[in-house]
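Chemist: Here it is, the structure, as structure tokens.
Derivation of every value follows stated rules applied to the coordinates shown; laboratory data play no part. Predicted model, so just to flag it, every value in this text is computed and none were measured. A quick note on method: Cβ atoms are made from the backbone with ideal geometry, for glycine too, and the neighbour counts reach across all protein chains shown.
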Amino acid sequence: MSAKFMELHNKIELLIFDLDGTLADTVPQIALSVKRALEKNSILFPGEDRIRGFVGNGADKLLQRAMTNKFEVTDADFDPELFQKLRIDYFKIYMEEIGNHFSLYPNVEDTLIFLKKSNFKLAIATNKPDIYIRPWLTAANLENIFDLTVGSGVLSTRKPDPEILFYVCNKLGVSHEHSLMVGDSSNDIIAAQNAKMRSVGLTYGYNYSKPIKLFNPTYVLDDFSKIKEIVIG
């Protein structure tokens with residue numbers, strides 16, 4: 001098999017990005033909303049550092065961890081009625097704060113614009129509730145970058161289940177062989193592995209204090225702009 005054929009066969013056409021911890025540091029935004037919701041329900045806020053370690057499995061799991069101050073939570077650990085009230089309060093508060101208290105990581109905006117102008121297809125696949133994605137992108141001035149965005153609630157599963165990656169590939173008409181998942185957590189890397197898709201593991205995000213390299217992404221990067229070297233060379 002020729003090198004030219006291999007290069008064509010392995011060419012990346014679609015990049016799929018996680019959001020929180022990959023494109024932006026959103027923990028201050030999330031933590032403030034959690035704090036306000038907890039205080040409204042007379043529950044002690046565990047602190048921003050703890051919230052940083054609780055992010056990654058969707059809003060419901062985040063809130064259950066925050067209200068119990070435990071990472072591993074079972075249904076027996078919390079009052080379901082109180083949880084539902086907390087959930088309603090959090091969603092309302094978070095939407096009010098959608099444009100505040102976050103920052104894009106270095107080189108994210110420039111790199112995304114470059115990839116867009118280079119005719120790559122770009123998508124977001126996140127465990128963040130889907131209702132927040134477009135408002136957040138507008139607040140971050142990234143609303144015209146992505147061809148497709150998918151958050152939790154659209155499908156019945158969340159990463160690390162690969163269904164969301166298959167869904168994106170199908171919607172955009174690109175096979176998994178020509179797609180690249182870019183994320184900061186084990187959820188992203190395992191989802192890509194389950195989809196037989198190449199992956200980038202970013203070292204700076206939220207991964208429960210575990211080095212991303214432990215989960216064997218195809219590439220490990222500490223600089224978002226180095227994605228260009230992977231997809232273009």
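Chemist: I need the Kirkwood Rh of region 27-96: take the reciprocal of the average 1/r across all distinct C-alpha pairs and report it in angstrom. Don't jump to the answer; show the numbers that get you there.
Modeler: Numbers: mean 1/r = 0.0856 Å⁻¹.
Taking the inverse mean of 1/r over all distinct Cα pairs, region 27-96 comes out at 11.7 Å.
Chemist: While we're looking at this one, here's another question. Only bridges whose two residues both fall in the chain count here: according to DSSP, what percent of them are antiparallel, nearest 5?
Modeler: Of those bridges, close to 10 percent are antiparallel.
Chemist: Helix 163-172 versus the longest principal axis of the chain: what is the Cα-based angle in degrees, 0 to 90, to the nearest 10?
Modeler: Once rounded, the angle reads 50 degrees.
Chemist: When the helices in the chain are scored as -39500 (n - 2.57) per DSSP H run of 4 or longer and the sum is shared across all residues, what 222 nm value do you end up with, to the nearest 500 deg cm²/dmol?
Modeler: Values: 10 runs with 99 residues, N = 233.
Dividing the helical sum by the residues of the chain leaves -12500 deg cm²/dmol.
Chemist: Take every Cα-Cα pair in region 106-192 and report what % of them are more than 21 Å apart. Could the numbers behind the result be given before it?
Modeler: Numbers: 1072 of 3741 pairs.
Distances greater than 21 Å cover 29 percent of the Cα pairs.
Chemist: Based on Cα coordinates alone, diagonalise the gyration tensor for region 149-196, multiply each eigenvalue by 5, take square roots, and list the semi-axes in whole Å, largest first. Don't skip to the answer; put the middle values down first.
Modeler: Values: eigenvalues 45, 39, 15 Å².
Output for region 149-196: semi-axes of 15, 14, 9 Å.
Chemist: Something else now. Could you compute the net charge surrounding residue 174? Neighbours are other residues with a C-beta less than 14 Å from the C-beta of residue 174; K and R count +1, D and E count -1.
Modeler: Values: positive: 11, 121, 171, 196, 198; negative: 13, 147, 177.
Here the count lands on +2.
Chemist: Also, quick follow-up: For the Cα atoms of the chain, what angle does the longest principal axis make with the long axis of helix 80-96, in degrees from 0 to 90, nearest 10?
Modeler: 60 degrees
Chemist: What label, among [x] 18.0, 66; [y] 18.8, 60; [z] 22.8, 96, belongs to Rg and Dmax of the Cα atoms in Å computed from the structure on display?
Modeler: Given [x] 18.0, 66; [y] 18.8, 60; [z] 22.8, 96, the structure-derived one carries the label [x].
Chemist: Please say if region 56-124 is rounded, prolate or oblate, where rounded means a/c under 1.5 for a ≥ b ≥ c the square roots of the C-alpha gyration tensor eigenvalues, and otherwise the choice is prolate for a/b larger than b/c and oblate otherwise? All intermediate terms of the calculation are to be shown ahead of the outcome.
Modeler: Working: a/c = 3.18, a/b = 2.43, b/c = 1.31.
Prolate is the answer for region 56-124, as a/c is 1.5 or above and a/b outweighs b/c.
Chemist: What number results when the radius of gyration of region 45-170, computed over Cα atoms, is divided by 2.2 N^0.38 Å? Please list the in-between numbers first.
Modeler: Details: Rg = 16.3 Å, N = 126, 2.2 N^0.38 = 13.8 Å.
With N residues counted in region 45-170, Rg over 2.2 N^0.38 Å equals 1.18.
Chemist: OK, next. Taking a ≥ b ≥ c as the square roots of the Cα gyration tensor eigenvalues, with a/c under 1.5 meaning rounded and otherwise prolate when a/b beats b/c, else oblate, which class fits region 168-233? Before the final figure, lay out each step's value.
Modeler: On the way: a/c = 2.21, a/b = 1.35, b/c = 1.64.
Taking the square roots of the gyration eigenvalues as a ≥ b ≥ c, region 168-233 is oblate.
Chemist: Follow-up. Using alpha-carbon pairs under 8 Å, 6+ residues apart, how would you state the relative contact order of the chain in percent? Provide the component values of the computation, followed by the final result.
Modeler: Working: 394 pairs, mean separation 58.9, N = 233.
Computed value for the chain: 25 percent relative contact order.
Chemist: While we're looking at this one, here's another question. So which of 11/61; 61/116; 92/210; 35/196; 171/213; 70/128 end up more than 28 Å apart by C-alpha? Let's see the in-between values first.
Modeler: Values: 11/61 37 Å; 61/116 33 Å; 92/210 31 Å; 35/196 39 Å; 171/213 30 Å; 70/128 20 Å.
Correct reply: 11/61; 61/116; 92/210; 35/196; 171/213.
Chemist: Against the longest principal axis of the chain, how steep is helix 27-40, in degrees 0 to 90 to the nearest 10, with axes from Cα atoms?
Modeler: It works out to around 20 degrees.
Chemist: Excluding residue 188 itself, what net charge comes from residues whose Cβ is under 15 Å from its Cβ, given Lys and Arg +1 and Asp and Glu -1?
Modeler: Values: positive: 128, 158, 159, 196, 198, 210, 213; negative: 18, 20, 161, 163, 184.
Once all neighbours under 15 Å are counted, the net charge is +2.
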